[in-house]
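The values are calculated or read from the model by the stated rules, or taken from the named source; none is laboratory data. From a predicted model like this one, the values you see are computed outputs, not experimental measurements. Using ideal geometry, Cβ is built from the backbone for each residue, glycine included, and neighbour counts are taken over all protein chains shown.
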Amino acid sequence: MYDPQTTSSGSIMPSYSWLVRNKHDRSGVQDKMEAMVSLGVPYTDEDIANAEANMGAQATQIEKNLYSDPDFAKTYEADKKYAAENGEEFIEMRDREIVALIAYLQRLGTDIKIKETNELISENK
């Protein structure tokens, strides 16, 4: 996503580098979820109440998974050091927009699998 043309020869996909740099704005997530409930999304009151904590936990796990890649860890630590040495703001990976996109895609795939499995179970009863 940062620069697809450098990793895939001949790619015409544009860079989405801001997703990697920008802080994810999590404000209002509960209000957004409540609005989605009115549209038929089956969030429970508990889901809404725990949304921020759940987002934080999921983002932290994604950051941990990314850190298992030595190249990521090396670059990330170098960026962190550079920011500290130059008085620049450093946004932790778990707080960046790209992690929110990763979380969304992971959840999307999970929800589809659960729905399909539940439908098959219901059909076979």
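Details
- Complete set of residues in the stretch 60-112 that are of a type in the set (D, E) and not in a helix (DSSP H, G or I): D69, E88, E89, E92
- Count of the stretch 37-53 residues which are over 19 Å from the mean Cα position of the chain (by Cα) and among the hydrophobic types (A, V, I, L, M, F, W, C): 4
- Total residues in the stretch 6-52, condition of a type in the set (S, T, N, Q) and closer than 22 Å to R96 by Cα: 8
- D95 meets the conditions (1) surrounded by 16 or more Cβ atoms within 10 Å (Cβ to Cβ); (2) touching a Phe, Trp or Tyr at 6+ places or on another chain (Cβ under 9 Å); (3) at pLDDT 95 or above in every case but one. The failed one is (2).
- Some residue of the stretch 50-59 being part of a loop (DSSP other than H, G, I, E, B) and modelled with pLDDT of 95 or more: yes
- Candidates in the stretch 1-48 are the residues that are of a type in the set (G, A, S) and more than 26 Å from M93 (Cβ to Cβ); of these, the one that is modelled with the lowest pLDDT is S9.
- Total residues in the stretch 21-30, condition among the charged types (D, E, K, R), within 16 Å of E52 (Cα to Cα) and surrounded by 11 or more Cβ atoms within 10 Å (Cβ to Cβ): 2
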